[in-house]
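Following: one structure in structure tokens, then a few remarks.
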Amino acid sequence: MRREPKDDNPFAALLDFEFRRYATPGLIKVVYIVLLAAIVLSMLVGLVSGLGMLSSRWTVEIGLLTVFGSVVGAAVAVLLVRVGLEYAIATIRMSSDIAKMRDELRSYGPSAAAGQP
């Protein structure tokens with residue numbers, strides 16, 4: 001499996017006003033961790049709320065529905081976040097690979113880039 005070269009400082013790519021380097025590959029782990037933490041925190045709030053509803057004047061059904069919805073919602077959110085971030089990385093990698101192929105074709109001359117023998 002081929003690995004992309006790592007950028008030493010992904011935050012420096014944020015200040016690249018010519019957009020020659022991508023900031024996303026270096027920041028994707030941080031974004032994923034922050035989003036997972038937010039999802040877990042939301043799920044915990046939902047669980048505590050649901051359990052609180054079970055012991056107060058709310059009906060048992062609403063409390064159970066809140067607990068169930070919190071867990072299922074968190075699972076769906078993790079899935080959607082992961083798919084979205086993988087899509088972003090795949091798009092960036094394709095763009096990088098296409099740019100490399102374009103540069104290789106240009107090194108062969110104009111006839112190779114036009115598809116002529």
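Remarks
- Between V60 and E86, the distance separating the two model label sites (each 7 Å from Cα on the Cα→Cβ line) works out to 4.0 nm.
- Stretchable slack from S49 to D103, in nm (0.36 nm times residue separation minus alpha-carbon distance): 13.8 nm
- Segment 27-113: C-alpha gyration tensor shape, a/c 1.5 cut-off, then a/b vs b/c: prolate
- Site pair A38 and R20 shows an inter-label distance of 3.3 nm when each label is modelled 7 Å from Cα along Cα→Cβ.
Since every read-out is calculated from the coordinates, none of them should be taken as a lab result. The structure displayed is predicted, hence computed values, not measured ones. We place every Cβ from the backbone using ideal geometry, glycine too, and count neighbours over all the protein chains shown.
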